[in-house]
Amino acid sequence: MVVFALAVVGLLPLLAMLYKSVFADGRWTLSVYEHVFSNPAQYWPPVRNSLTLAALTAVCALLLGVPLGLLLAKTDVPLRRPLMVTLCAPLLLPPYILAICWFNLMSRSAWWGTDNLSQSGLAPSIWLFGLPGCLLVLAGALTPAVIILTVVYLHAVNPRHEEAGRLVTGWRGVLTKITLPIISRGILFAGLLVFLLALGEVGVPMFLRYPVFPVETLTQFSAFYDFGAAAAAATPLLGVTLLLLVGERLYLRDKTYELLATAPGRKILVIPLGRWRVPAALAAILFAVITVVLPLVSLVVSSLSPFAYAEALNKAAGSIGRSILFAGVGATVLTLLGFLSGYLIQYRALAVWRVVDTLTLLLFTLPGTVIGIALIALWNRPGIGWIYASTAMVIFAYVAQYTALASRITVASLGNVPRSLEEAAQMAGAPWHARVLHIIVPAALPGVIAAWMVGFIFCMRDLGASMVVYPAGQETLPVRIFTLMANGAPSLVSALCVVLVVVTVIALGAFRMLLQSAGHRR
Amino acid sequence: MMAVELQSVSKAYDGRRVIEALSLTVTRGERLVLVGPSGCGKTTMLRLVAGLELPDSGAIAINGRIVAQHRRNLVPPENRHLGMVFQDLVLWPHMTVSEHLEFALRYDRQLKPVERPARMREILDMVRMADCAEARPATLSGGQQQRVALARAVVAHPEIVLMDEPLSSLDPELRAYLCREILRLQAELGFTLIYVTHSRDEANLIGHRSIVMQPA
């Protein structure tokens, strides 16, 4: 079932896209590639811009995220939990909303007034449009991924390794010679993930008018309706992603040192900061205020016009409802598929587990626009056009892009469930489905709920793939906001962004309540 | 002269007393074995001496100097000049055998940097691991890993070595062989040994003196 689903929404669409790009009128041809790439002056600048932006974003996210992860996970700095929640909040939002936040904060009409700066030629919005602005927004949006992965990997380090080091040297030596080298491959993976996500980003470079390659792909598709050219333009992105993931797999194979899942009952060793506790906390708070709180406050402030919210509901009520519905259905399908593929990966239940793992990760790191174009390549054909014209395409896109998240969460969750639980049920004669339903799922319930919630959040914020595949008149809220950004009033756009944030936060609250009730039952 | 002295030391985890007013002395060069059932506080006692845990009350002295007292570490673990073999060995997965020893030697102030390679070779020869110096832990057998953990614990001239059931996961033959190796190393290097085990046989073989601990 997992393999079939991933084939239908992921592998076959990619193959269909490649096929369509090299076959025209029933014969092999590279004409669309020649057409797209025949003009290096037009082709190379977006490629160079994409690679520059992705590399700088990865470097910035690592330089900020790893120390913050260390601070929050390994030290006794005060306010760790609120700081973690605040610093990771940008991950809940589509990155282009952060771009709007920064634009509101830095524009001439900003509530704190940059007119004086503008008159003196120092208007911050001037440099916001271009590479610095894209870097600022994407580093802010993706640093939380590095923070979270660093914290997760630090929790998976065997504290005995650090204690053995503590008998020889102080914490600085232990961190630099033992802890960080042990998690170095995890950090490398985090950097790679940020690089690929930044490489495929469409919304931020479009808003901040920085020409990158994914925008070029989308333009070929949406502006010129040239599917072959769009597929040809998408192929290099597929190639780069595939190449990096294969490289990562080869390099990291057998080198992940006990970091695949956390062991139950392991307690992380905490570094006492002593007199540095308060200064470290103040520095982290200052960073959180500048990079997260201020931009979000500016968003709220700019939405506070008399009729903005009424107009927002008037113009986008349908999109709000659709987003919640699509995200709910998408998250449910993702949880089911993610659980099954996570089970497959964790227990190596079938020989194809590695293929499933790699394919889900490849689809997650591919630009959403490429996934959208690939889905259209497979499903837009006579006989099955009714599927292409339906909202199922949006769900397919969600499943293709985000199954990796649900499966990784399941893998981590199953890592804490002793295999002997299932084996005991097996010895009692329970068939596989009964063992999964009555033993494994209840034991891994918090992970299942977390997978649903993370799936919901990512479906809610999806822009790249849904922008390409949504059926006419069925756009989601992020797509609606994105289209309104071109000609809608800033207060209306801000109000819709706030609505998206509020819906996401309400969903998070529901997640917390569900987790708590699951915890009580256990 | 006392190598280690515990004065009325108590320790509890989450309100559960593990060690209650334990007083104990270990003389220099002695091989003391702690025997007892699971949960009686043997490992906790070693971790208190190592400085990896703080005593709730009482005091711990090493070579006549108070190193921990009433929830305070007066001397951090790295400055107590101890070696320790952990129950699960905890070899660092990213380091080769020689890198394990280099790491331990780097912070040995008694040794000049130029003397480190010779010391490393000496210890590798002593534990018969010279051929595996560039191997990583994952490629070594259980007995070899055990010897690397021993080498790491003794390479930096510790005066006291703590061993927490170091042989528990090995088969009886290898265990008997490594017991003899530990005795040989202790005789050659002269360190004070505090050794924790479940096995009375191991206790009889290793210890000058054995203490049977009971749950608090």
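A few notes on this one:
- Partner lysines for B:K42 [C-alpha distance under 19 Å; skip if fewer than 8 residues away on the same chain]: B:K11
- Fully extending the segment from A:N416 to A:I126 would add 99.4 nm, taking 0.36 nm per residue of separation and subtracting the current Cα-Cα distance.
- Three-way shape label, the range A:368-522, alpha-carbon gyration tensor, a/c 1.5: oblate
- Spacing of the two label points (7 Å from each Cα toward its C-beta) at A:T176 and A:V8, in nm: 5.6
- Sequence-distant residues sharing a close amide H with B:W92 (under 5 Å, placed H): none
- Three semi-axes of the equivalent ellipsoid, the protein assembly as shown, Cα gyration tensor, whole Å, largest first: 56, 29, 25
- Global form of the range A:349-439, assessed from the alpha-carbon gyration tensor, a/c cut-off 1.5: prolate
- Separation of the A:V355 and A:R81 label points, Cα + 7 Å toward Cβ, nm: 4.5
- Ranked for footprinting exposure by Cβ neighbours inside 10 Å, fewest first, A:I100, A:I324, A:I506 give A:I506, A:I324, A:I100.
- Relative contact order of chain A, defined on C-alpha pairs under 8 angstrom at six or more residues apart (%): 22
- If only the Cβ of Lys and Arg carry +1 and only the Cβ of Asp and Glu carry -1, the dipole of chain A around its Cα centre is close to 1300 debye.
- Average beta carbon contacts from partner chains per residue of A:167-178, 10 Å cutoff: 6
- Put simply, when A:245-251, A:152-158 are sorted by average Cβ atoms within 10 angstrom per residue, most first, you get A:152-158, A:245-251.
- Distance between the C-alpha centres of the range B:165-216 and the range A:341-370: 48 Å, rounded to the whole angstrom.
- Length-normalised contact order of chain B in % [C-alpha pairs under 8 Å, at least 6 apart]: 30
- Under 19 Å from a label point set 7 Å out along the Cα-to-Cβ vector of A:F23, the amide N atoms of the range A:352-376 belong to A:373-376.
- Computed helical MRE - 222 nm, chain A, DSSP H runs ≥ 4 contributing -39500 (n - 2.57), nearest 500: -23500 deg cm²/dmol
- Under the simplified labelling scheme, the B:V114-B:Y177 pair shows an inter-label distance of 3.9 nm, with each label point 7 Å from Cα along Cα→Cβ.
- Spatial separation of Cα centroids for the range B:32-55 and the range A:122-165, in angstrom: 40
- Gap separating the Cα centres of the range A:73-95 and the range A:469-483, nearest whole Å: 31
- With the helix formula -39500 (n - 2.57) applied to DSSP H stretches of n ≥ 4, chain B reaches a computed 222 nm mean residue ellipticity of -9500 deg cm²/dmol.
Laboratory data are not the source of any read-out in this text; all were calculated from the coordinates shown. Bear in mind the structure is a predicted one, so any value in this text is a computation, not a measurement. Neighbour counts run over all protein chains shown; Cβ positions are idealised from the backbone, glycine included.
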